[in-house]
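Novice: Can you keep this structure in mind? I'll have questions shortly.
Only the coordinates and a few stated rules stand behind these numbers; no lab work does. No experiment lies behind these values; they were computed from the predicted model shown. Here the Cβ is made from the backbone with ideal geometry for all residues, glycine too, and neighbour counts use every protein chain on show.
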Amino acid sequence: RLRADLLDALGEEPAERDPEKPHWDKRAGELWFRGVVVREVPKVGRSHNIVPILDAFEEDGWPPEIDDPLTSGGSDDRRRRAVETLNKQMLKPWMWFECNGDGTGFRWRAKPRRPAKKAAKRKRR
């Protein structure tokens, strides 16, 4: 983890970081995915719902699902609002968050990549 912190401080990407997994840079308040910022959190210190979720995913290495870091046996409404807030302010719709369905955690999903469009051939007249 120290190596990753040093590389982050220098603005370098760790070689072992998977581009198909998000990266939460708490100091910058940026959620990165596929090489671009997909979500900004301008007031990290005041975001008491979404920051703990992003922190937990980052700490665990972005597994598909995490346990609820907000509260033990907490409010379904609080979880739903946190997910809505996370998804509503995405800069790029390449990923989304959801409650896990049984009230104990959160999931993240990647939007599948579209194949690159081929250039259309021009018809000769």
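Novice: Among residues other than Leu91 whose Cβ falls under 10 Å from its Cβ, what is the net charge (Lys/Arg +1, Asp/Glu -1)?
Specialist: 0
Novice: Can I ask one more? Give, as a single signed number, the net charge of other residues whose beta carbon lies under 13 Å from the beta carbon of Glu40, with Lys and Arg counted +1 and Asp and Glu -1.
Specialist: +4
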